[in-house]
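Notes to accompany the following structure.
The values are calculated or read from the model by the stated rules, or taken from the named source; none is laboratory data. As the structure is a prediction and not an experimental result, all values here were calculated from the model. Methodologically, a virtual Cβ is constructed for each residue, glycine included, from the backbone with ideal geometry; neighbour enumeration extends over all protein chains shown. When the accessible area is computed, the model is the full protein with side chains, heavy atoms only, and any ligands, DNA or RNA have been set aside. Shrake-Rupley method; radii C 1.70, N 1.55, O 1.52, S 1.80 Å.
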Amino acid sequence: MTGGEQSGAVALAVGTVLVGAAGYAFVASAGHLFAPPEAAAVSTLYMVINILGPGVFLALEQEVSRRTAHAVALGRSVREAVVWTAIRGAGLLAAGLLALVACAPLLVDDALAGHSGLLVVAAVNTALTAMMSLVRGVLAGLDDFGGYAASLGAEGIGRLVFVGSAWVTGPVPVTWYAATFAAGTGCSALGGALCAVRRRRPLVHPGPGDAAVQSVSRPSASGGLPSLAVATLLTYVIANLSVVIVTTRLHDAALAAAFAAGLLLARMPLFVFSPVQAFLLTALTDAQARAQRHRFRATVRNGMAVALAFGAAGFLGVAGLGGWALRELFGTRVPLSTLTSVCLVGSTVLLMGAQVLHAALIARGRHRKVAASWLAGAVVLVAVLTSPAEPVAAAVAAQALAAVTVVVGMAWALSRSSPTPGSRATPAGAVGTLAGER
């Protein structure tokens, strides 16, 4: 990794922490500014926003990143890749908004405490998330660490500023407060777009000898964006469903709160790892486009090594400071056993490994294989969570078994996928095709 890449990686980590801190501040401040029903409504809105935002539109970011990286590898303009994905992203946005409208009666009357304005905020934030994801995908495909980090920083800082303003000015209507979250998303989309425009540069076009390659390397029209959207949504289901089920089944509210906080603490390495996956996908797509098999495999190994390093830091953090953090930072009233915390971190390591394999399969255009693996993991998760076992023990086992299922399924799919789709005999150094869904 060059010095520029190292500084970019640090900037990514800082931006990610800012986004996490802003999300925590948004939910925590609501508890101080509003009565319990309104504070609960804000927390519910936060969950809905994350399902309709990153849970769905991460797929859009990954697909435009893959197509942008492929265009750069071929020395082409990225405009076609961006337009192609934006059109299909508009369809994804329409589906998300229709789902929000369909759920409106249930959400407004119960979960949002009658505040219909919060539903409008959710819709606006969903549209802004679609734009933000498109921009971030382009930046990742261009391998622009700085621009991507700036987008993260703009989101985190912008949201913190708006939430802080609401805190300083005193009581505000709950809908106006919720709009501060959408404002942060808008700051990210705008900041990222400015960086993308600045990043425009002449591309090196293939020479005349590459004419044959040009004729066979057009992106497939199938794309598999719906399959990828299902996959990214299921990643959030596997990461978060355990808290809902444990809270529902467990009669000890204090222990349920301790488990929720412990899972959040154990998931922190995964949260910091997420921007790494974006640039891992770019490197893998570039290697795939150039049919560089050894580089592709080396990139997967490096991604796994980074996941293990993040996991090791998580293990050390939980073993040394986990109990203190749960007690002092999260205010839990009952301790969570060290074994439980360590097992949750172990499942997090497996999920980071799954993210690496996820990127590798997407680079090879195996979107349905990715979705099938996450679906299998989700089925295992639900089956174990709803078993008669003690709720916390069942949740810990469910997290581990679901993650193992996803990793095994993806590893099997990757081992059976051809290194250069469309041509098993492509010589090293030649430019491969951008695979469609198979």
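Table for the structure above
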| read-out | value |
| --- | --- |
| Over the range 21-95 - Rg/Rh using Cα atoms and the Kirkwood inverse-distance radius | 1.23 |
| For the chain: accessible area per residue (Å², 1.4 Å) | 43 Å² |
| Signed unit charges on C-beta, dipole axis of the chain, positive-most listed residue Leu12, Val276, Asn302 | Asn302 |
| Gap separating the Cα centres of the range 311-353 and the range 53-125, nearest whole Å | 33 Å |
| In the range 316-406, trypsin sites (Lys or Arg not before Pro) in a DSSP loop with at most 16 other beta-carbon atoms within 10 Å | Arg333 |
| Student exercise, the chain dipole from Lys, Arg, Asp, Glu Cβ charges, in Debye to nearest 20 | 1520 debye |
| Estimated [θ] at 222 nm from DSSP helical runs (n ≥ 4, -39500 (n - 2.57)) normalised by residues in the chain, nearest 500 | -27000 deg cm²/dmol |
| Ser415 accessible area, 1.4 Å probe, all protein chains in place, Å² to nearest 10 | 90 Å² |
| Where N is the number of residues in the chain, Cα Rg divided by 2.2 N^0.38 Å | 0.98 |
| Stokes-Einstein diffusion coefficient of the range 290-355, Kirkwood radius over Cα pairs, 37 °C, 0.692 mPa s, in µm²/s | 242 µm²/s |
| Residue of Met352, Met132, Met47 that the Gaussian network model of the chain assigns the largest fluctuation, springs spanning Cα pairs under 10 Å | Met47 |
| Candidate residues His294, His367: accessible-area rank, largest first, probe 1.4 Å | His294, His367 |
| Carbon + sulfur, % of accessible area of the range 71-144 - ligands and nucleic acids excluded, 1.4 Å | 74 percent |
| Gaussian network model of the chain, springs between alpha carbon atoms under 10 Å - residue of Ala402, Ala239, Ala21 with greatest fluctuation | Ala21 |
